[in-house]
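One structure is given below, encoded as structure tokens.
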């Protein structure tokens with residue numbers, strides 16, 4: 001790796017927790033597995049806001065960025081390989097559906113690591129690209145709800161913000 005991507009001690013063969021954001025220029029967009037919905041409340045019919053967790057990763061400016069556990073797996077010359085899971089429930093591992101969508105899976109056997117390609121580091125952040133174990137880059141669908149996928153969509157760069 002070049003000097004500007006030298007691995008800081010917090011990520012060198014270590015596991016850590018971090019918030020995940022997609023980058024659109026200088027704008028940070030939270031990556032979340034939650035979505036908001038509105039439903040009628042009781043007999044008044046007034047709308048009540050709720051949140052649902054369907055496990056599918058999407059860009060969602062209205063939500064807080066999810067916190068993932070980056071469990072160190074291995075590394076190559078230009079990649080750090082991690083098993084990724086939800087920090088608050090590490091049994092929910094990041095995987096890929098048959099259609100290429102990124103989601104959190106509890107009961108599936110997820111054995112594939114994720115390749116993190118560092119572009120720049122700071123004391124607590126990592127600007128990077130993320131790829132699946134086959135090297136397919138994570139992308140976002142242009143249409144709402146902006147799901148993350150490895151098959152089709154617009155290529156993304158990410159900001160990983162370390163929490164521990």
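As a proxy for reagent exposure, ranking 152, 139, 93 by other Cβ atoms within 10 Å from fewest up yields 152, 139, 93. Extension gain, residue 154 to residue 122, is 8.9 nm, computed as 0.36 nm per intervening residue step minus the present C-alpha separation. The gain in end-to-end length when the residue 134 to residue 109 segment is fully stretched comes to 7.3 nm, 0.36 nm per residue minus the alpha carbon separation.
Roughly what % of Cα-Cα distances in the range 16-162 sit above 17 Å, to the whole percent? The share of Cα pairs beyond 17 Å in the range 16-162 comes to 61 percent. Given their separation in residues at 0.36 nm each and the Cα-Cα distance between them, residue 90 and residue 15 gain 25.7 nm when the chain is fully extended. Along its first, second and third principal axes, ordered by size, the range 64-141 spans 34, 27, 26 Å in Cα coordinates.
Only the coordinates and a few stated rules stand behind these numbers; no lab work does. Nothing here was measured: the structure is a model prediction, and the numbers come from that model. All Cβ positions, glycine included, derive from the backbone under ideal geometry; neighbour counts span all protein chains shown.
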